[in-house]
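Q: What follows is a structure written as structure tokens; I'll ask about it next.
The values are calculated or read from the model by the stated rules, or taken from the named source; none is laboratory data. Keep in mind that what you see is a predicted model, and the values were worked out from it rather than measured. Neighbour counts are summed over all protein chains in view; Cβ atoms, including those assigned to glycine, are modelled from backbone coordinates with ideal geometry. All accessible areas refer to the heavy atoms of the entire protein, side chains included, with ligands and DNA or RNA removed. Shrake-Rupley method; radii C 1.70, N 1.55, O 1.52, S 1.80 Å.
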Amino acid sequence: GAPTFEAGAVALAHGGVCCVDEFDKMKSEHASLLEAMEQQRVSVNKGGARASLPARTTILAAANPHKGRYDRSKSVRENLKMSAPLLSRFDLVFVLTDDPDEERDKRIGDNVTRLCGGRKVDERTGKTTNLTFAEKFQLERNKRREAEAA
């Protein structure tokens, strides 16, 4: 048969919003995304056939900093290892940082676990209590390992 084209996320979002997570892991796609953001079209070449699809869309992207930690002494571009032309195509850039605080993180994790239903029964007393975040995490990790081993 004849070559067929399948529209990607940006072309499918034409007239709407295209949400992209893990943008930092898509370095090979940055050039085509820059084209789409500048030209509002996506070019496709496949099997000798060429097509240009409309891509008038808003791009909402989330990215993690290079090496996993935001370095406040560097610019956003340096932290994301993103080209200046691509970064400049975004109208708004928000930097969200997490300052490590083991005690606060433990309280938040324990609260999430409590709200999401992690419970355990003390075999000695029969009393039911909430799992801590660390216990829930370990339990889920063990389940995943058992499933992978099977």
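Q: Report, by residue number, each residue of region 1-50 that is surrounded by fewer than 14 Cβ atoms within 10 Å (Cβ to Cβ), in contact (Cβ under 8 Å) with a residue 12 or more places away in the chain, in contact with a strand residue (DSSP E or B) (Cβ under 6 Å, 6 or more places away or on another chain) and in a strand (DSSP E or B).
A: V17, C19
Okay, residues lined up against (1) in a helix (DSSP H, G or I); (2) open to solvent by 80 Å² or more (accessible area, probe 1.4 Å); (3) without any contact (Cβ under 8 Å) to a residue 24 or more places away in the chain; (4) touching a Cys at 6+ places or on another chain (Cβ under 7 Å):
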position: K67; (1), (2), (3), (4): yes, yes, yes, no
position: L86; (1), (2), (3), (4): yes, no, no, no
position: V95; (1), (2), (3), (4): no, no, no, no
position: D99; (1), (2), (3), (4): no, yes, yes, no
position: T125; (1), (2), (3), (4): no, yes, yes, no
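Q: So, K136, is that one at positive phi and assigned to a helix (DSSP H, G or I) or not? Give the derivation first.
A: On the way: at positive phi: no; assigned to a helix (DSSP H, G or I): yes.
So K136 fails the test.
Q: Within the bounds of region 70-78, is there any residue that is hydrophobic (A, V, I, L, M, F, W, C) and either within 30 Å of T132 (Cβ to Cβ) or free of Cβ contacts under 8 Å to residues at least 12 places away in the same chain (or both)? Write out each step before concluding.
A: Step one: of region 70-78, the residues hydrophobic (A, V, I, L, M, F, W, C) are 76.
With the extra rule that they be either within 30 Å of T132 (Cβ to Cβ) or free of Cβ contacts under 8 Å to residues at least 12 places away in the same chain (or both), the set shrinks to none.
No, that holds for no residue.
Q: Filter region 107-123 down to the residues that are assigned to a helix (DSSP H, G or I), at pLDDT below 85 and surrounded by 10 or more Cβ atoms within 10 Å (Cβ to Cβ), then identify the one that is farthest from the chain's Cα centre (by Cα). Walk me through it before giving the result.
A: Keep residues of region 107-123 that are assigned to a helix (DSSP H, G or I), which gives 107-115.
This time we only want the ones that are at pLDDT below 85, so: 109-115.
Those left that are additionally surrounded by 10 or more Cβ atoms within 10 Å (Cβ to Cβ): 109-114.
Details: G109: 20, D110: 24, N111: 24, V112: 20, T113: 22, R114: 25 Å.
The qualifying residue farthest from the chain's Cα centre (by Cα) is R114.
Q: Sort out which residues of region 1-57 are in contact with a Gly (Cβ under 7 Å, 6 or more places away or on another chain) and among the aromatic types (F, W, Y), and write them in order of number.
A: Hits for region 1-57: nothing passes.
Q: Additional query: Keeping to region 51-65, report how many residues are open to solvent by 60 Å² or more (accessible area, probe 1.4 Å) and under 21 Å from the mean Cα position of the chain (by Cα).
A: Keep residues of region 51-65 that are open to solvent by 60 Å² or more (accessible area, probe 1.4 Å), which gives 56, 58, 60, 64.
Narrowing further to those that are under 21 Å from the mean Cα position of the chain (by Cα): 58, 60, 64.
Count: 3.
Q: Then there is this: Please go through (1) of a type in the set (D, E); (2) assigned to a loop (DSSP other than H, G, I, E, B); (3) open to solvent by 100 Å² or more (accessible area, probe 1.4 Å) for E103 and return the number of the only condition it doesn't satisfy.
A: Result: E103 fails condition (2) only.
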